[in-house]
Amino acid sequence: MTFLYAVAALYAPFCAAAQQLPAPVEAAPPAPTYSEFADLVVAAPVLIDATIRSTAKVKPPESGPGEPPRSGGVQPGYARLYVEAEVSALIRSPDPLPPLVGYVVDIPLDRAGRLPKLKRLRVLLFARTTRTPGQIQLVRTDAQRYWNPEADALTRRIATELVAPGAAPAITGVATAFHTPGALPGEGETQIFLTTEGDSRISLNITRKQGQPPRWSPAVGDVVDDAAAPPAHDTLLWYRLACGLPAALPETSTAGITPEEAELARADYRFVLESLGSCGRPPA
């Protein structure tokens, strides 16, 4: 009964998340992108490098009398499996885990409607622990990823960046924006103050000088370095900004300045977004 209860508990989130499943794809995984792996690492307190040892199909709930057949929330083209995997390396976890863990996952079928071969497959698991020893719960329906050296290195790098001193927090919005005109026409400085989880300080500083291209830099904490550069792509600060900033300055952020200054601040904000580029998440 304990085993059945554990599987049922792991099963529940997949029914609610069925509409969020990606379309079935071939077994060959695309190259990992920083943003999609950062989304998983941020959400998962448990990161595991594991090898699949056994799989078993999970039977969907049976329909009641007079009810239409129930799929149990499994998207067409997928099969729901209970997997047991041997832990090769525990990349991150708040608690120790046994050598063998079990979890539920939805696996895309191939074009012929068959399951890919999973036994002895090496995977990365992005998960959380449950109240049942030895059972984990994937944080998303796509949180079992094929292992390869690039994906492993990227996962470990992001996990390290997240716990580094002064790591950039998640951005929740824009608080205020100010623009100060310069001594000459076309010159000026814009400061944009962001809101974050945990009330950490992040600001964006944009300067324009005659005869020079505009420059901008972020400041994390209370220190503003005028010589700082924009964050490099595929770093935690870049990810927080590119994936967390709203598409435009909210009207409330420029309420304390003149309409002319507000328009300049909006132009500088657009410049920052263009510099950051696309967040890089795969299409929903």
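Coordinate-derived values only; no laboratory data. Only a predicted model underlies this, so the values are computations on that prediction, with no experimental measurement involved. Here the Cβ positions follow ideal geometry from the backbone for every residue, glycine too, while neighbour counts run over all protein chains shown.
Side notes on the structure shown:
- Lysines whose Cα lies under 27 Å from that of residue 57, excluding same-chain neighbours fewer than 8 positions away: 117, 119
- Amide hydrogen proximity for residue 202: with H placed 1.01 Å from N in the peptide plane, the residues at 5 or more positions away or on another chain lying under 5 Å are 194, 221.
- Whether the stretch 213-272 is rounded, prolate or oblate, judged on the alpha carbon gyration tensor where a/c under 1.5 counts as rounded: prolate
- All aspartates and glutamates inside 14 Å of residue 59 as judged from Cα atoms, apart from same-chain residues fewer than 8 positions distant: 106
- Close amide H pairs (under 5 Å, H built 1.01 Å from N) link residue 173 with 195, residues at least 5 positions away or on another chain.
- Each peptide in 130-138, 108-116, 228-236, 46-54 gets a packing score, the mean of other Cβ atoms within 10 Å over its residues, and the list from highest to lowest is 46-54, 130-138, 228-236, 108-116.
- Computed from backbone phi with θ = phi - 60° and the Karplus coefficients 6.51, -1.76 and 1.60, the 3J(HN,Hα) list for the stretch 131-143 is 6, 8, x, x, 10, 10, 10, 5, 6, 8, 5, 10, 8 Hz; x is used for glycine and proline.
- For the stretch 171-276: rounded, prolate or oblate by the Cα gyration tensor [a/c cutoff 1.5]: oblate
- Loop chymotrypsin sites (Phe, Trp or Tyr not before Pro), the stretch 191-284, which have at most 14 other Cβ atoms in a 10 Å radius of their Cβ (DSSP): none
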